[in-house]
Structures are given as C-alpha cells and as structure tokens.
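The values are calculated or read from the model by the stated rules, or taken from the named source; none is laboratory data. The shown structure was predicted, so the numbers you read here are calculated from the model rather than taken from an experiment. No Cβ is skipped: glycine too gets one built from the backbone with ideal geometry, and neighbour counts run over all protein chains shown.
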Amino acid sequence: MNKISAARQSSLKIALAFVFAFGATAFSGGANAASAGANATATVVAPIAIAKATDLNFGSFYPGAASGTVDVNTNNIRSVTGGVLAASGGAAVTAARFDVTGAASATYTITYASGVTLLGPGAPMALTQISDLTGAGSATTLATTGALGAGGTQSIHLGGSLAVAANQATGVYIGNISATVAYN
C-alpha cells in the first residue's frame, strides 16, 4: 500500500467513525421519543325551553254561604268542597300544561311562582298549586324535577285548589301562574 492510499484509508476510517458516532447519537435520541395526536371535540346541546300549551281554568261555579274550594286536578277533573257548587256551561275545565323541550334524556329542575292569587271584583282567591309530569291526576304536591324523553320533550301538568270565600263576589278572576325549568 502506498502512503497516499494509507492516508486515505486512515482519513476514511476517521470520517466513518465520526459519522457513526454522531449519527448513532442522533438516531438513538429518536428511538427513545414518540408522538401521538388526539382530536378535540365539543358538543353543544339544545337549550332547554318551556312553552304554555293550555291555561288553568277552574270553569264556572256558584259561591255559597260557606267558604269552600274549587279543585282542578292534573287530569282536568274538577271537584268542589264546602259551600261551593259547580256550574255547568262556560269554558272547559282544564289543568295548565307546559311543554318542555331540550336535549334528549336530560334532567332538569322545575320552580313555580309562589303566592299566586286570582284577582277580580271581590276578595282575592288564593291558589294552592299541584303538578305532575303525566297528567294522571294523582298529584298532591308540585313536581320539582323532570327528565326529557328520547325525543327531548316532556309536559308539566299543573292544577290546583282555589280558595273561595263565603258569598264570593261574582265576576271573572285572573291570576298568573308560571313554571321555570333549568338543566341540572
């Protein structure tokens, strides 16, 4: 071997050693690292809403010499107590119905206006409210929670007991009832 060839081989050996030394370091760092990606998602659900479908109507009745009540259950059945007598004719007796819409299967809370009275030409008549979510007529209290069905709907049926004074003045009496809903 000549001197030039030996020098080249020596230079080549040094260059290869340098490449392997630094190249192996660079590649070994990559072998100990990894990366992955992920998706970021968000779902915006339908806002909860409530709308009146029917009003609470106690129908027509006669006051008596004794006080009493007119009761409308959540299934639109009316009864009277005390000196009150039911009158036929006039507007149909109905429980109020509120239709709730929102996200399917979501749960929610229900709050109602308190201290409701019907005002008219005579003494105010206090309303004690009752409600249920089926309209079955077995309610004795107010429903305070609900769960929307698979279609995102449910109805609140609201009835009540109206306190009628003895010899209550005749005329039309009006009051405002309301239900407010909010997602849990």
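Things to note:
- Of all the listed residues (150, 143, 165, 182), the sole one being of a type in the set (Gly, Ala, Ser) and out of contact with any strand residue (DSSP E or B) (no Cβ under 9 Å at 6 or more places or on another chain) is 150.
- Residues within the range 159-184 that are among the β-branched types (Val, Ile, Thr), touching a Leu at 6+ places or on another chain (Cβ under 7 Å) and assigned to a loop (DSSP other than H, G, I, E, B), tallied: 1
- Only listed residue being at pLDDT 95 or above, in a loop (DSSP other than H, G, I, E, B), aliphatic (A, V, I, L, M) and over 39 Å from the mean Cα position of the chain (by Cα), chosen from 33, 65: 65
- Among the residues of the range 68-82, those identified as under 18 Å from residue 142 (Cβ atoms), among the β-branched types (Val, Ile, Thr) and in a strand (DSSP E or B) are 69, 72.
- Residues satisfying the stated conditions in the range 166-184, i.e. buried (at least 17 other Cβ atoms within 10 Å of the Cβ) and more than 15 Å from residue 126 (Cβ to Cβ): 179, 181
- Residue within the range 134-141 that is of a type in the set (A, V, I, L, M, F, W, C), at negative phi, surrounded by 15 or more Cβ atoms within 10 Å (Cβ to Cβ) and in contact with a Phe, Trp or Tyr (Cβ under 6 Å, 6 or more places away or on another chain) present: no
- Matching residues in the range 45-62 - criterion: being hydrophobic (A, V, I, L, M, F, W, C) and modelled with pLDDT of 95 or more: 48, 49, 50, 51, 53, 56, 58, 61
- Number of positions in the range 60-77 that are closer than 20 Å to residue 168 by Cα and crowded, with 18+ Cβ neighbours inside 10 Å: 7
- The single condition among (1) outside any strand (DSSP E or B); (2) in contact with a Lys or Arg (Cβ under 7 Å, 6 or more places away or on another chain) that residue 89 does not meet is (2).
- Any hit, the range 124-142, residues being under 22 Å from residue 166 (Cα atoms), out of contact with any Pro (no Cβ under 7 Å at 6 or more places or on another chain) and part of a loop (DSSP other than H, G, I, E, B): yes
- Note on the range 92-112: residues that are outside any strand (DSSP E or B), within 16 Å of residue 154 (Cβ to Cβ) and of a type outside the set (Ser, Thr, Tyr) total 5.
- Selection status of residue 94, of a type in the set (S, T, N, Q), under 28 Å from the mean Cα position of the chain (by Cα), surrounded by 16 or more Cβ atoms within 10 Å (Cβ to Cβ) and over 30 Å from residue 45 (Cα atoms): yes
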